[in-house]
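> My structure is below; once you've seen it, I'll send some questions.
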Amino acid sequence: MACQCSTAANRKPSITVEHGTFEVSTEVKAETTQTKETAEAFNATVITDGPGAFRRAKSETRITAGKNTPKKGMTLTLNIPEELRADLESSKLLYAFVEYFSNGEKETHDSFQAVPIQNKTPDSVSITLEPAAFTNLRNKDGIYEAVAVLASGPR
């Protein structure tokens, strides 16, 4: 049995959490945000200049899961933002990127990696957020979160 968790309103992102994803009852939220840090991390790890450049949406989707880490992947449905639609009507393709946190021995950093789009409609796309996409080290509250961004890019 799946539970459809959403931030409501049809223009908001939604997350589908299957039974058994968490060991305890967990409230999962998906919200649209615009942070300077996320934009900087995207620009540092994805080509954003030149002929093969990606153009990211103005906002990102942040999924929070309280103090609990997921044991299974979740389906995230994102609406295609207006600022990318013109690119998609020309020669560009739509891509989904997820931010991964790396806590290495000598350094920590965030990097965005392209993930497969499972389902695409004229208005939205769905991706799977794997458990590895969640970290509680990106914020001082210890809240597990994942970050996804849509972008247009080369064919």
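> Can you give the helix-only mean residue ellipticity at 222 nm for the chain, where every DSSP H stretch with n ≥ 4 adds -39500 (n - 2.57) and the sum goes over all residues, rounded to the nearest 500 deg cm²/dmol?
Details: 2 runs with 18 residues, N = 155.
Rounded to the nearest 500, it is -3500 deg cm²/dmol.
> Quick one: net charge around LYS72, please, counting Lys, Arg +1 and Asp, Glu -1 for every other residue with C-beta under 12 Å from its C-beta. Let's see the in-between values first.
On the way: positive: LYS71; negative: GLU18, GLU23, GLU130.
Result for the local shell: -2.
> Please report, in Å, the Rg and the Dmax of the stretch 2-153, where both are computed over Cα atoms only.
Cα only, the stretch 2-153: 15.2, 47 Å (Rg, Dmax).
> So who's got an amide H within less than 5 Å of the one on THR48, skipping anything under 5 residues away but keeping other chains? H placed 1.01 Å off N, in plane.
Amide H neighbours of THR48: PHE54.
> Taking 25 Å as R0, compute the FRET efficiency from the Cβ-Cβ separation of ASP141 and GLN113 and round it to 0.05.
Numbers: r = 25 Å, r/R0 = 0.98.
That gives a FRET efficiency of 0.55.
> Assign unit charges at the C-beta atoms only (+1 for Lys and Arg, -1 for Asp and Glu), then state the dipole size of the stretch 2-153 relative to its Cα centre in Debye, rounded to the nearest 20. It would help to have the intermediate numbers written out before the result.
Details: 17 positive and 20 negative charges, 43 e Å.
The dipole magnitude comes to about 200 debye.
> Using a cut-off of 25 Å between alpha-carbon atoms, which lysines can reach LYS71, once sequence neighbours fewer than 8 places away in the same chain are excluded?
Filter leaves LYS12, LYS29, LYS140.
> Also: Report the label-to-label distance for ALA132 and ALA86 in nanometres (one decimal), using points 7 Å from each Cα along the Cα→Cβ vector.
3.7 nm
> Next up: Taking the alpha-carbon centroid of each part, what is the distance from the stretch 71-88 to the stretch 90-155 in angstrom?
Taking the Cα centre of each part, the stretch 71-88 and the stretch 90-155 sit 11 Å apart.
Where a number appears in this text, it was derived from the coordinates with a stated rule and is not lab data. Here the structure is a predicted model, which is why all the values come from computation and not from measurement. Neighbour counts are summed over all protein chains in view; Cβ atoms, including those assigned to glycine, are modelled from backbone coordinates with ideal geometry.
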